[in-house]
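A.B. asks: Handing you a structure now.
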Amino acid sequence: MHRGYVKDWRRILEWEWYTDYKTCHLFRHCILRANIEDKQWKGQLIKKGSFVSSLENLSRETGLSVQNIRTSLKKLTSELTIKTTNRNTIISIKNWSKFQGQGTDKGTGRA
């Protein structure tokens with residue numbers, strides 16, 4: 001996995017799910033897992049802001065139960081697009097550019 005930084009949006013403190021630990025944790029995990037550029041995976045294009053996973057993998061990676069993952073994904077329908085097949089799940093951040101898009105970091109004056 002590519003190592004690097006993600007932008008952390010301060011406005012998340014006002015987000016409706018911020019105080020729901022499990023949902024917030026899962027969403028932030030999705031931000032960290034999402035591709036930073038389009039990539040090919042097993043002949044399929046996985047766009048930036050998206051990643052391939054499964055409920056079991058998300059459970060293992062986050063420490064949440066599969067049921068907690070299902071419940072939190074239902075809550076995150078306004079934030080995520082979830083496409084499930086019989087082999088995997090593609091999760092996409094709907095407003096990827098809002099969270100990680102190009103722009104100036106006001107704290108340092110750099111992009």
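A.B. asks: For residue 54, what is the net charge nearby, where nearby means another residue's Cβ is under 13 Å from its Cβ and Lys, Arg count +1, Asp, Glu -1? The partial results should precede the final answer.
C.D. replies: Numbers: positive: 33, 60, 70, 83, 87; negative: 56, 61.
Summing Lys and Arg as +1 and Asp and Glu as -1 gives +3.
A.B. asks: Taking the simple approach of a point 7 Å from Cα along Cα-to-Cβ for both residue 81 and residue 95, what is their distance in nm?
C.D. replies: Inter-label distance under the simple model: 1.6 nm.
A.B. asks: Still on this structure, please answer the following. Would you mind checking which residues have amide H under 5 Å from residue 35's amide H? H placed 1.01 Å from N; only 5 or more apart, or other chain.
C.D. replies: 49, 50, 51
A.B. asks: Another question, if that's okay. Over 18 Å between Cα atoms, which of 22/47; 39/74; 42/74; 48/74; 22/83; 74/94 qualify?
C.D. replies: Working: 22/47 26 Å; 39/74 26 Å; 42/74 27 Å; 48/74 22 Å; 22/83 21 Å; 74/94 14 Å.
Result: 22/47; 39/74; 42/74; 48/74; 22/83 exceed 18 Å.
A.B. asks: Ordered by residue, what ³J(HN,Hα) values in Hz, to whole numbers, does the stretch 20-30 give under the Karplus form 6.51 cos²θ - 1.76 cosθ + 1.60, where θ = phi - 60° and Gly and Pro are x?
C.D. replies: 8, 3, 5, 5, 5, 4, 5, 4, 5, 4, 4
A.B. asks: Right, here's the next one. From the backbone phi of the stretch 39-49, what are the Karplus-calculated ³J(HN,Hα) couplings (6.51 cos²θ - 1.76 cosθ + 1.60, θ = phi - 60°) in whole Hz, Gly and Pro given as x?
C.D. replies: After applying 6.51 cos²θ - 1.76 cosθ + 1.60, I find 9, 8, 9, 6, x, 10, 7, 10, 6, 4, x Hz.
A.B. asks: With θ taken as phi - 60° and the coefficients 6.51, -1.76 and 1.60, list the Karplus ³J(HN,Hα) couplings across the stretch 86-98 in order, rounded to whole Hz; mark glycine and proline as x.
C.D. replies: 6, 10, 6, 10, 9, 10, 10, 7, 4, 10, 3, 5, 5
Taken together, the values in this text are just the output of simple stated rules run on the coordinates, not laboratory data. The model shown is predicted, which means the values in this text are computed figures rather than measured ones. Heads up, the Cβs are rebuilt from the backbone with ideal geometry, glycines too, and the neighbour counts pull from every protein chain shown.
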